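Step one of this worksheet: look at the structure below.
Values in this text are rule-based calculations from the coordinates and carry no lab data. Here the structure is a predicted model, which means the values were calculated and not measured. A quick note on method: Cβ atoms are made from the backbone with ideal geometry, for glycine too, and the neighbour counts reach across all protein chains shown.
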Amino acid sequence: MQGQIDQRLLNDFQRDFPLCSTPYLAIASLLDSAEHSVLEQLTQLTQEGKISRIGPVFAPRRVGASTLAAMSVPPEQLTDVANLVSRFSAVNHNYARTHRYNLWFVVTANSEEALSNTLSEIELAAALPLLNLPLEEAFHIDLGFCLSGKKPKHQTTQAPLPRDLSLLSPLTETDRHLIAALQNGLPLTNKPFEALAAIAKLTEQKVLMRIQTWLADGTIKRFGVIVHHHELGYRANAMLVHDIPDHQISEIGRALADEPSVTLCYQRPRRLPDWQHNLFCMIHGRCQDEVQATIKDIRQRHGLTHCHHEVLFSTTRYKQNGARYV
């Protein structure tokens, strides 16, 4: 019984998390459990590293700026450079991967200018050039991960956003206070939105209304439990990259995004001559052989065997946090 409830807490509430004054009581009712038991189990799962946080996944470039960056680091320097990169608070994901470009990290900031400055600081500190690969089109990027293998995946296609963030509706100072409060995740207390409201200097009702508005307009891709794949037994993950003709990339990207095994799918720019790929997918599995078999199957079924591709397996996870925009 305990294991079944843990599984449901990890899987069922990645989306459709109750947006009400007492969400954990609402979850307990759905699970035929008690509120204190749900809070204890969520606390335990968080301490075990299975849950990263409970909260929003913001759409890229809706509330700030972000990019994927890569470096080619001499192997003997990899750990030192990775640790140096991880010390930047703007870096939220940082992985070693099997490729000449062997260090990959995500950087977020509250503006394009701040992002550019951080990238320059990282290059200067590491004394190495980096590839800057900003998002161009997102096909599936809500970080959801179905553990049951039965539910259909929620496809969350996002149209290309303007490169100039000033063309988007600006965030108010109140919005920024709320985002800052949300970045660390929802507190595991009886009235978590009330606690957030106190931090953001808002009423609980306004916090709930703002989150619902952001979900409705796509600023938040989903709100709920965010899991760590590795701690749940999915210990192999690979970044599958393809060189897709520009006129086909949206069609192929949407098709791959609908694959249950693809957890992220997006378009990023080529950086010729160093980097020729423009379509990125993340695929997780319990072992490398499983991931390789999945990749072979996907490429065959979608007619991609003629497209140049590479598979970059993750070898070391140096940092994995939620994005920090404020």
- Task: Evaluate the distance, in nm, between pseudo-label points positioned 7 Å from the Cα of Ala34 and of Thr305 along their respective Cα→Cβ axes.
- Result: 5.9
- Once phi is turned into θ = phi - 60°, what whole-Hz ³J(HN,Hα) does the Karplus curve with 6.51, -1.76 and 1.60 give for every residue of region 118-127, x standing for Gly and Pro? 5, 4, 5, 5, 5, 4, 5, 5, 7, 6
- With the convex hull built on the alpha-carbon atoms of the chain, volume per residue in Å³ sits at 137
- Item | Given charges at Cβ of Lys, Arg, Asp, Glu: the chain dipole, positive-most of Cys307, Ser89, Tyr325 | Cys307
- Task: Taking amide H positions as placed in the peptide plane 1.01 Å from N, state which residues far from His277 in sequence (5 or more) or on other chains have amide H under 5 Å from it.
- Result: Arg271
- Query: Residue by residue, what Karplus-based ³J(HN,Hα) values in Hz, rounded to whole numbers, does region 224-232 have, using 6.51, -1.76 and 1.60 with θ = phi - 60° and x for Gly and Pro?
  - Reply: x, 6, 10, 9, 9, 4, 4, 5, 9
- Message: Quick query: amide H of Phe17 versus all other amide H atoms, modeled in the peptide plane; which residues come in under 5 Å with a sequence gap of 5 or more or a different chain?
- Response: Phe223
- Message: Show me, for region 49-60, the HN-Hα J-couplings you get by feeding each phi into the Karplus relation (A = 6.51, B = -1.76, C = 1.60, θ = phi - 60°), rounded to Hz, glycine and proline as x.
- Response: x, 6, 10, 6, 5, 10, x, x, 10, 7, 5, x
- Message: Could you tell me the relative contact order of region 1-153? Use alpha-carbon pairs under 8 Å, at least six residues apart, and round to a whole percent.
- Response: 25
- One checks the Cα atoms of region 226-315 and finds Rg and Dmax, in Å, of 13.0, 39
- Which listed residue (Leu202, Gln4, Ser250) has the Cα farthest towards the positive end of the charge dipole for the chain, taking +1 on Lys and Arg C-beta and -1 on Asp and Glu C-beta about the Cα centre? Gln4
